[in-house]
1. Specify which of the listed residues (ALA88, ALA71) is over 21 Å from LEU140 (Cβ atoms) and either modelled with pLDDT under 85 or among the acidic types (Asp, Glu) (or both).
2. Against the condition in contact (Cβ under 8 Å) with a residue 60 or more places away in the chain and assigned by TED's automatic domain parsing to the domain that holds ARG62, how does GLY9 come out, does it pass?
3. Give the residues of segment 51-62 that are crowded, with 17+ Cβ neighbours inside 10 Å and touching a Lys or Arg at 6+ places or on another chain (Cβ under 6 Å), sorted by residue number.
4. Kindly indicate whether any position in segment 165-177 is modelled with pLDDT of 75 or more, of a type outside the set (A, V, I, L, M), touching a helix residue (DSSP H, G or I) at 6+ places or on another chain (Cβ under 8 Å) and at positive phi.
5. Filter the strands (runs of 3 or more DSSP E) completely within segment 1-94 down to those with at least 3 residues that are under 19 Å from the mean Cα position of the chain (by Cα).
6. Is there any pair with a first residue in segment 138-159 that is closer than 14 Å to LYS109 by Cα and a second that is surrounded by 12 or more Cβ atoms within 10 Å (Cβ to Cβ) and among the charged types (D, E, K, R) whose Cβ atoms are under 6 Å apart and which are 6 or more apart or on different chains, and what are they?
7. So if I check each of GLU155, GLU119, which one is surrounded by 12 or more Cβ atoms within 10 Å (Cβ to Cβ) and outside any strand (DSSP E or B)?
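The values are calculated or read from the model by the stated rules, or taken from the named source; none is laboratory data. The shown structure was predicted, so the numbers you read here are calculated from the model rather than taken from an experiment. Every residue, glycine as well, gets a Cβ built from its backbone with ideal geometry; the counts of neighbours run over all protein chains shown.
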Amino acid sequence: MQLVVARIGRAHGVKGEVTVEVRTDEPELRLAPGAVLATDPASAGPLTIETGRVHSGRLLLRFEGVGDRNAAEALRNTLLIAEVDPDALPEGEDEYYDHQLIDLDVVTKDGTQVGRITEISHLPSQDLFVVERPDGSEVLVPFVEEIVTDIDLREQRAVIDPPPGLIDDRAEIASSRDEA
């Protein structure tokens with residue numbers, strides 16, 4: 001199974017380093033020196049990570065054969081794709097790989113359909129589920145224990161207990177304000 005593990009950002013410095021937007025919960029494993037990654041677009045790769053380091057809170061990578069700023073800048077917005085064993089599980093009991101969560105149905109505790117997880121956004125403070133609603137709109141759901149009360153991989157669903165305003169339609173919020 002192939003998973004997008006990062007997106008290349010802008011060049012950093014003049015020696016071929018690039019910033020990357022990490023899209024994996026295991027960057028130390030998936031983005032380690034020596035890792036060979038497929039790319040999208042495919043014409044940019046495969047790319048082999050030569051070095052990696054954190055600078056000012058951002059991960060910087062250098063790839064074999066990319067030795068200057070121009071070559072690094074040409075990789076901007078390229079997606080890095082890793083081959084992952086679909087049966088592999090994280091070590092922790094309440095830990096999940098992104099590919100296990102993508103496409104789960106999201107429902108509230110009372111069974112109300114909210115939508116489907118289309119992406120996991122890894123932010124410094126917390127992870128977010130990007131949930132596509134049936135009408136095509138998106139809602140961001142913080143992946144925290146207080147809100148996401150259950151992940152059932154067998155039933156392919158995530159149960160949430162959202163605070164007021166998190167998933168309410170704007171029309172519902174507006175009408176409740178008008179009534180007050």
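1. Values: ALA71 fails: either modelled with pLDDT under 85 or among the acidic types (Asp, Glu) (or both).
Matching residue, one of ALA88, ALA71: ALA88.
2. Details: in contact (Cβ under 8 Å) with a residue 60 or more places away in the chain: yes; assigned by TED's automatic domain parsing to the domain that holds ARG62: yes.
For GLY9, the condition - in contact (Cβ under 8 Å) with a residue 60 or more places away in the chain and assigned by TED's automatic domain parsing to the domain that holds ARG62 - is met.
3. Here is the first cut: in segment 51-62, the residues crowded, with 17+ Cβ neighbours inside 10 Å are 52, 59-62.
Of everything in segment 51-62, just one residue is crowded, with 17+ Cβ neighbours inside 10 Å and touching a Lys or Arg at 6+ places or on another chain (Cβ under 6 Å), namely LEU60.
4. Yes, there is a match, as at least one residue in segment 165-177 is modelled with pLDDT of 75 or more, of a type outside the set (A, V, I, L, M), touching a helix residue (DSSP H, G or I) at 6+ places or on another chain (Cβ under 8 Å) and at positive phi.
5. Ranges flagged: 2-12, 17-22, 36-40, 58-63, 79-83.
6. If the second residue must be surrounded by 12 or more Cβ atoms within 10 Å (Cβ to Cβ) and among the charged types (D, E, K, R), the pairs left are THR149/ASP161; ARG157/ASP105; VAL159/ASP150.
7. Details: GLU119 fails: outside any strand (DSSP E or B).
Among GLU155, GLU119, only GLU155 is surrounded by 12 or more Cβ atoms within 10 Å (Cβ to Cβ) and outside any strand (DSSP E or B).
Here's the yes/no breakdown for (1) within 14 Å of LEU60 (Cβ to Cβ); (2) in contact with a Gly (Cβ under 6 Å, 6 or more places away or on another chain):
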site: ALA6; (1), (2): yes, no
site: GLY13; (1), (2): yes, no
site: VAL18; (1), (2): yes, no
site: VAL22; (1), (2): yes, no
site: ALA32; (1), (2): yes, no
site: VAL36; (1), (2): no, no
site: THR39; (1), (2): no, yes
site: ILE49; (1), (2): yes, no
